[in-house]
Each structure stands twice: as structure tokens, then as C-alpha cells.
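Just so you know, all these numbers are worked out from the coordinates, no wet-lab data involved. All figures in this text were calculated on a predicted structure; none of them were measured in a lab. FYI the Cβ positions are ideal-geometry reconstructions off the backbone, even for glycines, and counts take in every protein chain you see.
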Amino acid sequence: MYLTDRSTPPGADTAQGRRRGLRPKVAPVVLVLGTVSLITDISSEMVTAVLPLYLVTTLGFTPLGFGALDGVYNGVSALVQLTGGHLADRVRNHKLMAGLGYGLSALCKPLLLLAGSLATLGTVLALERTGKGLRTAPRDAMISLSTPPANQGRAFGVHRAMDTTGAMLGPLAAFLILRAAADGYDAVFGVSACVAVFGVLVLVLFVPGRRQSPQTDEAGAADGKAPIRVREALALLRLPRLRALAGCAALLGLTTVSDAFVYLLLQRRAGIGEQWFPLLPLGTAAVFLLLAVPLGTLADRVGRRTVFLTGHLGLLAAYALLLWAPATPALPYLVLALHGTFYAATDGVLPAALAGIVPEQLRATGLAIVGTSQALARFCCSLAFGAAWTLWGDGPALAGSAVGLLCCAAVAGLVLKPTGATR
């Protein structure tokens, strides 16, 4: 099955190639898109690193109010992903849609300086996440279409590693700005806007406008001039493997507590000072950076189902530590290591699994369907977790999520179970 297949066509991994020591190459467009994501993630993670503390301690939001905003932050992009993916396939210009998404997100960063209420913050964050929703599927489609099926996990691993380098530098930059600037939060938002604009410029100047696919020849890449219709996009839902993949992504997303809540829980459990809070995402990002390429390559070799589900078990272990482990100095390191391993084992493996399922001309739409299913589920989880925390406390809320994740992982393991000769 898709998450279990090695995705290696016959003869692709020959003994002769191994004797020569050949390694699969990463397409230049993957490296350029990785650079764009690196720069953009510096900008985004500067905001993400300080936003939970800013909302809860400075603006006085309750866990329920923060859960609503966090749900908006993650959920709006899910709704827009379908639009961005379909439009990219329809106009046959993935760079254009990705550029619009990056540009909209960059424009919203300065508006955070003016937002001080739940309504205005929600509006700005919704617009910023709209940009993310527009760009995600076209960007991943460019990566997928420039990479042979056998090397999808490696290509997405390289991109996610570069993306995560930005996720490491963003919190570090926010931490340094907060320590140096008198009005720290405003300074963070202002610098974030400038960095975001630079990322858009790199995309416009260096990412090729036409897709390049190793899976078709130059004549076949044109594959007709008729635009993709909505009916053709909806027909993807008739693919059993795509439905199963989207369903499992949504099921597991329903019990995946958002990063912001994980960091808030860790701060409370370990007694971490507020001045160190922006550095917590740095731990997750560091582990993600180290493991993204190795685990993506491993998924190509041993099966994506195994790596994908193992990552969720790592997240379950992090929940268990937050619930029952004593507040020792090692607790933050263990939780962040497991959190980063979870992302390294799932974030690139999931889109890599679509290479053998969705036709090239509908690749962005297929990626958007799966991404939307997962993001909407995580949106619901943020709302539910914030409400549960407000009503019953953080411990019972996390315990419920842990039990739910265990059950959902078991169901996903059965749905994604290999059949026949696949692994």
C-alpha cells in the first residue's frame, strides 16, 4: 500500500549503481525551494515562538481563547489548501500560486503590530494562514514533480531539513531580539516582516516558472492545454488509496496537540522561565533537522507506513513524559527530542507517499486534499484541547489526547496494513 510501498520501480536500484557508489541526486528546484522555506520559516517561527506567551501573559488570553486563535492559525490554511492546490493545477503554474501565498503571508506580518484584540488578531492570523494555505500544495507539487518516485522521501526530507533550519533560527532570533529590544514583541514582528519579504524575492528570482518532471519527457510534460476542471479534481476522491491516506491523516490529526500547547505544558511541568520559552521550538527543530533526511531515506527503503506510524508512537511517548515524568533537568530534552522525531518521521513522509497515487497533472490537488484533511483535524484538536484545559485542567486534557492518539494509531495501522507483496 502507498505508505508501505518502497516506491522503487524495477531496475531503479541496480547492483551496478550500488557498486559505483551512486546516490540519488536532489533536483536544484528542491534546493531553491528549501532556501525559500528556510528564509520564510525564520520569519514565521519568530512569531510562532513568542505568540503563545504574548497572548497568554501579555494580552491575558484564557486557554480557551488561545485555543481558538491557535485553531484559526492552523485551520484556515487547511481550508485554503484545496483552493491553492486546484488553482495551481488549473493554471498549470505552481510558482505563481506559491508566490501569491508567500506574498500574502509577508504582507500580514507588519499588521501584527496593530492587532491587540481577539478579533483583530484572529483576522490577521487568518490572512497570514491563508497565504500558507495557498503556497503549501503548489510548493510540494513542484518538489514531487521534480523528483523520481523512488526518491520522494529523500527529496522531501532535504526540503524539510532546510525548512527546519529556518525553524531553528527563527526562535533564536526572537530570543535575542526580546533580550536586546525595549519593546521586544513589536521588534520581533517588525523584523519578521522584513525577513518574509526577502523570502518572496528569492522565490521570484530563482525558482523556475515551468515545472520540470523526470517522470515524463519534454513533450509529455505539456500534457494538453485544457485546464483542469473541478470535476476532475473531485474524481481523485474515488481513489481508494487516496481516501484511506487522507482519512488516516485526519484521524491522527484529531489527537495531535498543537506545538504551542506542547511548549506551554512543558514550561509548566519543567518550571522553565518565561525568558527561555522562545527557545523551546529550537529543540524540536534541531532534532527535526538532524533526522529529516535519514528518516525520509529510510521510508523510501523500508516502507513509509512503518516510519509514519513509528513517528506517532514517539509523540505518544512525549505525551506520557509530560503526564507522568518527574520534573528533572532531562525532561525538556527528552520531550523535545521525541517531538522533533515525530515531525521528522511524518512531515515529509506523508506527501512523499502521494507520488505513486495521484497523476502528475493533479499532484497539487492531491497534496491539498491530504493536507487539508490533516490540518482541519488539528484545527478541531486545538479547539477541543483548549476547551478541555479550561474546563478540567491541562493534565486531564493531555491524558485524553494520549488515549485518543493510541486508539487512532492502532486504527491507522490496520487501515494502512500492507497487502500482498507490498511492505
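Charges were assigned to the Cβ only: +1 to each Lys and Arg, -1 to each Asp and Glu. The resulting dipole of the range 29-165 about its Cα centre is roughly 360 debye. Legend: ranking of residues Arg301, Arg378 from fewest to most surrounding C-beta atoms inside 10 Å; resulting order Arg301, Arg378.
Highest mobility in the GNM of the chain, judged by mean-square fluctuation with C-alpha springs under 10 Å and restricted to Ala187, Ala106, Ala355, is found for Ala187. Normalising the average separation of contacting C-alpha pairs (under 8 angstrom, six or more residues apart) by the number of residues puts the relative contact order of the chain at 31 percent. The value of relative contact order for the range 251-360, using C-alpha pairs under 8 Å at least six residues apart, is 36 percent. The eigenvalues of the Cα gyration tensor, multiplied by 5 and square-rooted, give the range 319-423 an equivalent ellipsoid with semi-axes of 31, 18, 14 Å from largest to smallest. Applying a length cut-off of 18 Å (Cα extent along the axis) and a mean Kyte-Doolittle floor of 1.0 to the DSSP H helices of the chain leaves 28-53, 184-206, 280-302, 304-324, 331-346, 394-415. Direction-averaged projected area, Cα convex hull, the chain: 20.3 nm², rounded to one decimal. Per residue, the convex hull spanned by the Cα atoms of the range 84-216 measures out at 112 cubic angstrom. Footprinting exposure proxy ranking of His94, His159, His86, fewest other C-beta atoms within 10 angstrom first, gives His86, His94, His159.
Taking Gly157, Gly170, Gly184 in turn, the Gaussian network model of the chain (Cα-Cα springs below 10 Å) assigns the largest fluctuation to Gly184.
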